[in-house]
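Have a look at the structure below, then the notes.
The values are calculated or read from the model by the stated rules, or taken from the named source; none is laboratory data. For clarity, every value in this text was computed on a predicted model and none was experimentally measured. We place every Cβ from the backbone using ideal geometry, glycine too, and count neighbours over all the protein chains shown.
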Amino acid sequence: MNRFVTAERALRTAAPHELFDAVRRVLAEEYAARSVELYLADYGLTVLQPMSLPPHAAEPVPVHGSAAGRAFGAQEPFVEVPHEGSARVHLPVTVRGDRLGVLSLTLPAGVGAPGLLAELADIAEVLGHEIVVAERDTDVYLRARRKDRLTLAAEMQWQLLPGRACSRPEYELGAQLEPAYAIYGDNFDWSATGDHLMLYVTNGMGEGIEASLLTNLAINALRNARRAGIAIDDQAALADQAVYAHYRGRCYLSVLMFDFELATGRAKVVDAGSPQLLRLRDGTVERVDFEAQLPLGMFEETDYVAHDFQVLPGDRLVFASDGVHAVSSPKGEAYGDAALARAITSTRLLPAAEVPRAILRELTGHRGRPVPDDDALVVCLDWRGR
């Protein structure tokens with residue numbers, strides 16, 4: 001425990017850009033680690049990017065089919081088979097369900113000592129929290145995450161997001177966007193209190209910077225209303241006014257909004273556009289339709305009405321933008337409800353954080369080409385209830 005306290009203090013007192021150096025130094029001094037590497041998940045969730053710099057930089061490792069990727073996917077420490085008196089240990093670096101990457105280190109024999117793996121896992125968790133805080137003051141972790149250059153529109157969109165996953169006793173959330181390095185206007189947002197979870201899934205209009213600017217305006221208008229304690233239907237109305245005041249109906253934004261009551265699973269819903277919702281309950285996938293209302297910003301002073309919705313423990317809700325639902329195969333066949341339902345069924349055993357990426361991989365196979373013509377967004381919500 002004294003070693004853990006030393007490691008925690010070293011991370012909390014390190015300069016924002018020196019967290020990796022701090023954890024590497026303390027693991028060497030306190031745990032006799034022979035080598036340490038921090039891998040951060042890239043924006044596309046396809047590879048784990050190393051933090052170390054040339055000339056001694058490690059190579060990126062794939063999320064699927066690697067030892068570090070196994071720890072990342074299972075969210076549990078993974079120990080490679082000991083070899084010549086040492087073992088390679090891979091520890092997930094995660095903050096409240098949001099998977100940042102993996103901390104990998106080589107230890108001498110004795111890695112199986114009681115409590116050691118759990119202690120190292122706690123250090124990796126502290127590292128994750130410190131990285132999230134440090135990103136306010138340095139770009140080194142954001143730079144390390146990218147295997148390609150982001151477009152300006154994508155840079156704006158990723159900075160607008162709350163994270164890619166979130167976990168609480170009542171629910172688990174996971175989300176992913178494609179093309180990760182050139183996203184335009186699709187977006188998701190969530191916020192929780194002790195009693196409520198608010199979730200927005202938006203389907204942006206247009207391309208490039210214009211689409212990103214529209215989404216930024218709408219999301220920040222929704223957040224401004226939400227943070228003022230305003231009900232979800234009035235949030236929609238105020239965001240609608242903000243978008244219309246700027247674009248005068250030339251551009252608008254589709255959004256599906258939920259306000260879940262954590263204690264009961266009751267929700268208020270505003271459906272203002274095209275994002276789709278499918279529910280997996282008791283092994284059966286069905287589409288859930290709400291009363292459609294006008295997108296935000298289409299007309300001046302639109303009134304919105306919140307409708308009731310009930311979610312039950314064990315339900316899985318999957319939200320998809322039209323860049324998923326309407327994608328055509330090379331033969332012109334739309335992906336549609338049936339294919340999406342099959343994808344949801346085939347991924348039913350995966351945790352919520354892994355479902356969006358898995359569905360988007362299946363969508364790539366249907367599309368027949370790696371780069372989509374339109375943004376594709378998938379959000380997965382697993383409801384446990386209280």
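Against the numbered list (1) touching a helix residue (DSSP H, G or I) at 6+ places or on another chain (Cβ under 6 Å); (2) modelled with pLDDT under 95, Leu40 comes up short only at (2). Exactly one residue out of Gly204, Gly174, Gly128 is more than 30 Å from Leu19 (Cβ to Cβ) and among the small types (Gly, Ala, Ser): that is Gly204.
Taking the criterion of being in contact (Cβ under 8 Å) with a residue 12 or more places away in the chain and within 20 Å of Glu18 (Cβ to Cβ), the residues of region 137-154 that qualify are Asp137, Thr138, Val140, Tyr141, Ala144, Arg145. Residue count for region 87-102, restricted to those that are among the small types (Gly, Ala, Ser), surrounded by fewer than 20 Cβ atoms within 10 Å (Cβ to Cβ) and at pLDDT 95 or above: 1.
Residue count for region 275-299, restricted to those that are assigned to a loop (DSSP other than H, G, I, E, B) and not polar (S, T, N, Q): 12. Just to be sure, is Leu91 over 23 Å from the mean Cα position of the chain (by Cα) and under 19 Å from His129 (Cβ atoms)? Judged against the criteria, Leu91 is not a match.
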